[in-house]
Amino acid sequence: MIKTQLLNSKQIAHAARLLKRGELVAFPTETVYGLGASLFQELAIGSIFTVKGRPSDNPLIVHVSSKAQVAEIAQEIPDLFYVLAEQFFPGPLTVVLKKRSCVPSVVSGGMNSIAVRMPSHPIALELIESVGEPLVAPSANLSGKPSATQPKHVLEDFEGKIAAVVDGGKTKLGIESTVISLLGEEPVLLRPGSITKEEIEAVVGRSVALLPRDHSGPVLSPGLKYRHYAPKAQVRVFDTLPDLKVYVDHMQASNERRMLLTPSQIGEVSSAIEQGFLSAQEFYSLLRDADEKKIDEILILCDDALKKDAAFMNRLIRASCSE
Ligand code: TXA
Ligand code: MG
């Protein structure tokens, strides 16, 4: 057990020292908190997999503070990267490129590619600059659990296991970055995120393929193999209010604890069910709250706006699937 320090934005130099000597430090980004290690601290990077319980074939995103750093860790960078970076860096876009051999293979799960992103959060950028090296960082949650959007979530999962968390309050977007691969002839969207497919297509001037769901070729994005973002509670999604009401009525007699999350006011559905306001930004936090309240089942009713949010729906589906 180590004592996990909660640092503020004035203590970034201290956080950088910890990272430089091979400790793990969680930090805020505009999407979710990341669990950081310095790019060349291989032992520290190995321990990210251990503390998260993350399969070693699921590679990590490398966070940079400049485009020059990208050229140091990636090679044969296509022009399209610079087009995307011009528009979306810094911001919630992760780009998969061909890796240089100087990048430890533990980062990329043995693959010859590397995922890079330049976060826009000032604390993240200042921290990367103070360390002077890129930071590898997966989302700061135990593998499979909802991501952390507040420092207290990071502490729930890693208190006593990591050196520090830099407190940046609640993260702004609450859903992870969009991941796009530029390894092939055509760009492929590997993970929907805050930057939409349409926004990317508008910038690159052509259509962007989505990763086919049931592709049988090599694994393009190992992270997609696993159940994810899931609370202990069962998440049950309803398409319409009548469907939800039928279910609630039917389950009235069971004594399971339920919580209902909806993006708009729908009036009370049952006096026995606590209701809460659902948004993409608060989604992970709501799932964690439900676990804290020992809720057995989370009922979710989406509206049309949420149903159109590809990034949110991707997380919702994976949080609600059972394996
Ligand atoms: O917003 C975010 O992206 C956050 C913050 C902390 O930056 N990070 C994050 O990291 O969500 P993580 O580890 O939870 O998700 C990274 C995703 C995984 O699906 C992983 O498989 C994929 O990126 N990935 C990483 N390196 C890759 C690579 N070389 N090729 C394909 N996919 C890769
Ligand atoms: Mg994650």
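Go through region 168-191 and give me each residue that's open to solvent by 10 Å² or more (accessible area, probe 1.4 Å), among the aliphatic types (A, V, I, L, M) and under 16 Å from GLU282 (Cα atoms).
LEU173
Quick check on my filter: what residues within region 25-47 are away from ligand 1 (no atom under 16 Å from the Cβ) and part of a helix (DSSP H, G or I)?
GLU42, LEU43
Scanning region 159-187 for residues that are more than 30 Å from PRO78 (Cβ to Cβ) and in a strand (DSSP E or B), which turns out farthest from the chain's Cα centre (by Cα)?
This residue is ALA164.
Of the residues SER221, SER194, only one is modelled with pLDDT under 90, open to solvent by 20 Å² or more (accessible area, probe 1.4 Å), within 16 Å of ligand 2 (Cβ to nearest atom) and among the small types (Gly, Ala, Ser); which?
The match here is SER221.
Could we say that VAL107 is among the hydrophobic types (A, V, I, L, M, F, W, C) and either open to solvent by 10 Å² or more (accessible area, probe 1.4 Å) or away from ligand 2 (no atom under 16 Å from the Cβ) (or both) here?
Here the answer is no, as VAL107 does not meet what is asked.
Only one of GLU72, GLU23, GLU76, GLU42 is on the phi > 0 side of the Ramachandran plot and open to solvent by 40 Å² or more (accessible area, probe 1.4 Å); which?
So the residue among GLU72, GLU23, GLU76, GLU42 that is on the phi > 0 side of the Ramachandran plot and open to solvent by 40 Å² or more (accessible area, probe 1.4 Å) is GLU76.
For (1) open to solvent by less than 60 Å² (accessible area, probe 1.4 Å); (2) at pLDDT below 95; (3) assigned to a helix (DSSP H, G or I); (4) closer than 19 Å to SER143 by Cα, each residue gets a yes or a no:
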{"site": "ARG227", "(1), (2), (3), (4)": "no, yes, no, yes"}
{"site": "LYS232", "(1), (2), (3), (4)": "no, yes, no, yes"}
{"site": "VAL237", "(1), (2), (3), (4)": "no, yes, no, no"}
{"site": "GLN265", "(1), (2), (3), (4)": "no, yes, no, no"}
{"site": "SER279", "(1), (2), (3), (4)": "yes, no, no, no"}
{"site": "SER285", "(1), (2), (3), (4)": "yes, no, yes, yes"}
{"site": "ALA290", "(1), (2), (3), (4)": "yes, no, yes, yes"}
{"site": "ARG315", "(1), (2), (3), (4)": "yes, yes, yes, yes"}
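With the checklist (1) near ligand 1 (Cβ under 10 Å from one of its atoms); (2) open to solvent by less than 10 Å² (accessible area, probe 1.4 Å) in hand, flag the one item ILE128 doesn't pass.
Only one criterion is unmet by ILE128, namely (1).
Can we say ILE195 is in contact with a helix residue (DSSP H, G or I) (Cβ under 9 Å, 6 or more places away or on another chain), closer than 21 Å to LEU287 by Cβ and part of a loop (DSSP other than H, G, I, E, B)?
no
I'd like to know if region 2-24 contains one or more residues that are in a strand (DSSP E or B), modelled with pLDDT of 95 or more and of a type in the set (Ser, Thr, Tyr).
no
Return a yes/no flag: does region 94-103 have any residue that is part of a helix (DSSP H, G or I), closer than 19 Å to ILE128 by Cβ, at pLDDT 95 or above and hydrophobic (A, V, I, L, M, F, W, C).
no
Confirm whether LYS307 is surrounded by fewer than 16 Cβ atoms within 10 Å (Cβ to Cβ) and modelled with pLDDT of 95 or more.
Here the answer is no, as LYS307 does not meet what is asked.
Examine region 150-164 for a residue that is of a type in the set (S, T, N, Q), open to solvent by less than 10 Å² (accessible area, probe 1.4 Å) and either at pLDDT 95 or above or more than 19 Å from ALA85 (Cα to Cα) (or both), and state whether such a residue exists.
Scanning region 150-164, I find no residue that is of a type in the set (S, T, N, Q), open to solvent by less than 10 Å² (accessible area, probe 1.4 Å) and either at pLDDT 95 or above or more than 19 Å from ALA85 (Cα to Cα) (or both), so the answer is no.
Within the set of pairs 6+ apart or on separate chains, which have a first residue in region 138-149 that is touching a residue at least 40 places away in the same chain (Cβ under 8 Å) and within 15 Å of LYS161 (Cβ to Cβ), a second that is near ligand 2 (Cβ under 9 Å from one of its atoms) and of a type in the set (Lys, Arg), and C-beta atoms under 7 Å apart?
Partner pairs satisfying both residue conditions: PRO138/LYS52; PRO138/ARG54; LEU142/LYS52; SER143/LYS52; SER143/ARG54.
Among the residues of region 127-164, which ones are out of contact with any Phe, Trp or Tyr (no Cβ under 7 Å at 6 or more places or on another chain), away from ligand 2 (no atom under 16 Å from the Cβ) and within 24 Å of PRO104 (Cβ to Cβ)?
Across region 127-164, the qualifying residues are ILE128, GLU129, SER130, VAL131, GLY132, PRO134, LYS161, ALA163, ALA164.
Listed residues ALA37, ALA85; which is closer than 14 Å to LEU127 by Cβ and either in contact with a strand residue (DSSP E or B) (Cβ under 8 Å, 6 or more places away or on another chain) or of a type in the set (Lys, Arg) (or both)?
Every option except ALA37 fails the conditions.
Condition check ((1) over 15 Å from the mean Cα position of the chain (by Cα); (2) assigned to a helix (DSSP H, G or I)) across all residues:
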residue: ALA68; (1), (2): yes, yes
residue: ALA71; (1), (2): yes, yes
residue: SER108; (1), (2): yes, no
residue: ALA115; (1), (2): no, no
residue: GLU126; (1), (2): yes, yes
residue: SER130; (1), (2): yes, yes
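The values are calculated or read from the model by the stated rules, or taken from the named source; none is laboratory data. Treat the numbers as computed from the prediction; the structure is a model and nothing was measured. FYI the Cβ positions are ideal-geometry reconstructions off the backbone, even for glycines, and counts take in every protein chain you see. Each accessible area value is taken on the protein alone, full model and side chains, heavy atoms only, with ligands, DNA and RNA left out. Shrake-Rupley method; radii C 1.70, N 1.55, O 1.52, S 1.80 Å.
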